[in-house]
Amino acid sequence: MTQSRAYKIWPTSLSSEAISLAALGCVVLFLSIQLTALLAMIYALIPIKLDPLAYRMFPLFQDQIRPEREMRFFIIFILFNLTAQAVAVVALKKKMSDPQWRQGLFAFLGMELFWVVAIIFAAFKFFLFGYPAWARVMLWVILAGMVVTKIFFVELCALLRTLYHWVNAHRHDHLFKQVCDGAVVAGIGLAIFIPDVQNALARIYQWDQFFHIDMFVMSAALARTTGAVLNIDVISLYSVVLPAIFGKLMSVTGGLSYERLLTLMMWCGIAYYIVCYAILRTWFKSIVVAAIGVIFIIHMQMFQVGVWPLMWRYPSVTPLRHLLDLAAVFFILRHAQSFRGHFLWLASVACGAMTAYMIDVGIQLTLAFYAYLFLNFVLPDGRTVLQRWKAEAFRLLGLAIVPWLTAGLVLWMFQGNSIFSARFWGGISEYLSIFLSGWGSLPITDAIKDKQFFAFVLGLVIPAVYVWTLMSTGALLWFGRRERREMFLVFLCVYGLASYHYYLGRSASTSYSAVIVPFIYVFCYWLNLVWKNVPRSWKFPAGFAATIVAALALGTNFLFTNYPNMLNLSQSDWRPEKQAYLTQMDVSKDAQMIRELVSQSQQAAVISSFETKILMAANRRPFFYFFPLIESVNFAENRFRGTSMYTRPRLARTLEKFEQEKPQYVFVETKLLTRQISPEFYERFETLRTLLEYVQSHYVVERQGQYLTALKRK
């Protein structure tokens, strides 16, 4: 009997007065925190006077005098807590057992909890990011809202009740859904759109000198638009279709430039994320789940520390890499929902187009498509395997072949008959063999060494979620415990596991962002299962709160606040960086020299940083197969970054082309030619030393430009 009473002490022994007292104590505690925060913000505007003792100390020790007010705030916090609680208990003693008053108390407690969490969140961002202006404004807005809501608490409750009932009554209206969808689309545009792309280019130039942009798309796009055949005349490391498309788009919109390329990349990113949202909306029919999903995709792909300072610095981890995969994803989703056969044929064509556009991603997508076809075939449907095979054999064979036929057709459209040459495929396999040999690989533990614990944990969680979802969903489908439309989830898991090889090959903190989209889709599937079980009365407040929290997490991310969008939360003055970029990247004099010495039909042999920029300005076709040949550094810097001749066969091929074609002029960066950089670079980089020795033995100085020296063949 005694044990039974002890077990029932909580919660049956608590009276209504005790519960009211506990809630009242929490209210007073939260008010104390708010008061302390308000005083701290006000006193921060008032300078602290130094104690006279500080002026009598030796200068060596004066910097150790750091007056502060924390002790006063601590005393105020304690005194207010005790005094306010005592006054409240005495004044409100008779209302403690009133159910209606207690209901209002809990509502007030919820509001005060919200303001305390908001203050802590804003203060955390304020101190973490070094007192940015946007965090200071956020703190003052929160403190102002905290005061206003206390004054108009009754009116606020009435307004919230009215809003709650209105939304519940109209949340299924078509117009209401359209407004919400429009708000999400507008939010995507607001977050990503860059009004002045030169601001972003200046930041990329400062950190990267366009190295990754050139290697991924710009150098190959220049070669293609000036008449070169990719992987025959000039190598294209990632794709031959992508640079051809973007080179053409830049040409028809005014010519090749980094400004136009970044503008195209930006709009492709906006379109990609909007389509991601559309796919999630089509799949789950939930605005909340789709909005949270697309916010997570943008957050984890664009604004994670591995892509500092801007994601556009690394085009290979942007939507540009996977631009066409959403077509196949959408068609397979529609097939899983309707089982109309034409969606499978469209998906197979989309897989082929993706393979031509980006070979590795296309192969991964096609493997996932095959897994989806296999699952369609093997899942029980009342027929024997033999009956299914007789009915489906030719269709399955056609669906399996179409991706490769489509890929070949698209490649032929862009490359012509060169795709039938061994030299074309040798260009692709040469770089692939270097990559597979371990060149540039990083261990999966690399993120730990860089103190990027979130990236490390996420890198382990992603495949675990894929495999667990794949096993559980596959088993449930086999036993008929899940609808066949959930085969789409299996497709996503296989696609995610296949694309995860990119992260395993180079486990940098930048890499997981390139393979995050299928994972977010799978995450949203599980989130939707939870969301469907939320009581209807809670759906609006819970969904609104969850979406706002996700948006706040994105909007207060350090990279987002420093992103040059229309918000410009960091209030950055981009003018000095932009002016430095425009001044240092002015290669007009060297471009003019190249135009005068090399005709439009000839190739220009340039050995210099910013080869791509110089040849774009000169509108001349690059001479070297491994283009860009030099990894760019600022013209004024006394250092050398490296070459793209990673192997001895690459160096031999470059020298062989020199001997075979004997270009009349070679343009070499003056600081390399005159050895203005440290001698250690010539010792370290055999390729640079060998190349310059060849040039100096076969060419003589002809003209001097701003950054380049023109040499004529002897």
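The values are calculated or read from the model by the stated rules, or taken from the named source; none is laboratory data. Since the model is a prediction, treat every value here as computed from it, not as a measurement. Every residue, glycine as well, gets a Cβ built from its backbone with ideal geometry; the counts of neighbours run over all protein chains shown. Quick note on the areas: whole protein, heavy atoms, side chains included, nothing else; ligands and nucleic acids left out. Shrake-Rupley method; radii C 1.70, N 1.55, O 1.52, S 1.80 Å.
Which residues, taken from the range 410-455, are under 12 Å from Leu230 (Cβ atoms) and among the aromatic types (Phe, Trp, Tyr)?
Passing the criteria: Phe414, Phe424.
Looking at this structure, is Phe127 assigned to a helix (DSSP H, G or I), open to solvent by 90 Å² or more (accessible area, probe 1.4 Å) and within 23 Å of Val549 (Cβ to Cβ)?
yes
Counting only residues that are of a type in the set (Lys, Arg) and closer than 15 Å to Ala37 by Cα, which one in the range 53-97 is least open to solvent (accessible area, probe 1.4 Å)?
Out of the qualifying residues, it is Arg69.
Considering only the range 559-615, state which residues are among the β-branched types (Val, Ile, Thr) and assigned to a loop (DSSP other than H, G, I, E, B).
Those that are among the β-branched types (Val, Ile, Thr) and assigned to a loop (DSSP other than H, G, I, E, B): Val587, Val598.
Looking at the structure I just gave you, is Ala158 small (Gly, Ala, Ser), at pLDDT 90 or above and under 23 Å from Met566 (Cα atoms)?
In short, no.
Looking at the range 26-82, which of its residues are assigned to a helix (DSSP H, G or I) and of a type in the set (Phe, Trp, Tyr)?
Across the range 26-82, the qualifying residues are Phe30, Tyr43, Tyr55, Phe61, Phe73, Phe74, Phe77, Phe80.
Please specify each residue of the range 414-424 satisfying the condition of being touching a residue at least 24 places away in the same chain (Cβ under 8 Å) and out of contact with any helix residue (DSSP H, G or I) (no Cβ under 8 Å at 6 or more places or on another chain).
Passing the criteria: Gly416, Ser421, Arg423.
Run Pro195 past the list (1) surrounded by fewer than 20 Cβ atoms within 10 Å (Cβ to Cβ); (2) part of a helix (DSSP H, G or I) and report the number of the one that doesn't hold.
The number of the failed condition is (2).
Have a look at Thr612, Thr647 and point out the one that is crowded, with 19+ Cβ neighbours inside 10 Å, closer than 26 Å to Trp439 by Cα and not aliphatic (A, V, I, L, M).
When all the criteria are applied, what remains is Thr612.
Yes or no: the range 448-459 includes at least one residue that is touching an Asp or Glu at 6+ places or on another chain (Cβ under 8 Å), touching a residue at least 40 places away in the same chain (Cβ under 8 Å), surrounded by 14 or more Cβ atoms within 10 Å (Cβ to Cβ) and not in a helix (DSSP H, G or I).
No: zero hits.
To keep it simple, each residue is scored yes or no on (1) more than 22 Å from Cys351 (Cβ to Cβ); (2) among the hydroxyl-bearing types (Ser, Thr, Tyr); (3) open to solvent by less than 50 Å² (accessible area, probe 1.4 Å).
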| site | (1), (2), (3) |
| --- | --- |
| Thr469 | no, yes, yes |
| Cys493 | no, no, yes |
| Ser509 | yes, yes, yes |
| Ile516 | no, no, yes |
| Ile520 | no, no, yes |
| Trp531 | yes, no, yes |
| Arg536 | yes, no, no |
| Ala542 | yes, no, yes |
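Does Phe303 fit the bill of being open to solvent by 10 Å² or more (accessible area, probe 1.4 Å), touching a Leu at 6+ places or on another chain (Cβ under 6 Å) and either in contact (Cβ under 8 Å) with a residue 12 or more places away in the chain or farther than 28 Å from Ala400 by Cα (or both)?
When the stated conditions are applied, Phe303 does not pass them.
Open to solvent by less than 40 Å² (accessible area, probe 1.4 Å) and within 30 Å of Ser572 (Cβ to Cβ): which single residue out of Gly247, Gly187, Gly254 fits that description?
Gly187
Of all residues being modelled with pLDDT of 90 or more and among the polar types (S, T, N, Q) in the range 390-445, which is most open to solvent (accessible area, probe 1.4 Å)? Just the residue, please.
If we take residues in the range 390-445 being modelled with pLDDT of 90 or more and among the polar types (S, T, N, Q), then Asn417 is most open to solvent (accessible area, probe 1.4 Å).
Which residues, counting only those in the range 151-178, are of a type outside the set (Lys, Arg), surrounded by 13 or more Cβ atoms within 10 Å (Cβ to Cβ) and within 21 Å of Gly293 (Cα to Cα)?
Phe176
Please indicate, with yes or no, whether at least one residue in the range 332-345 is without any contact (Cβ under 8 Å) to a residue 40 or more places away in the chain and aliphatic (A, V, I, L, M).
Looking through the range 332-345, none of the residues is without any contact (Cβ under 8 Å) to a residue 40 or more places away in the chain and aliphatic (A, V, I, L, M).
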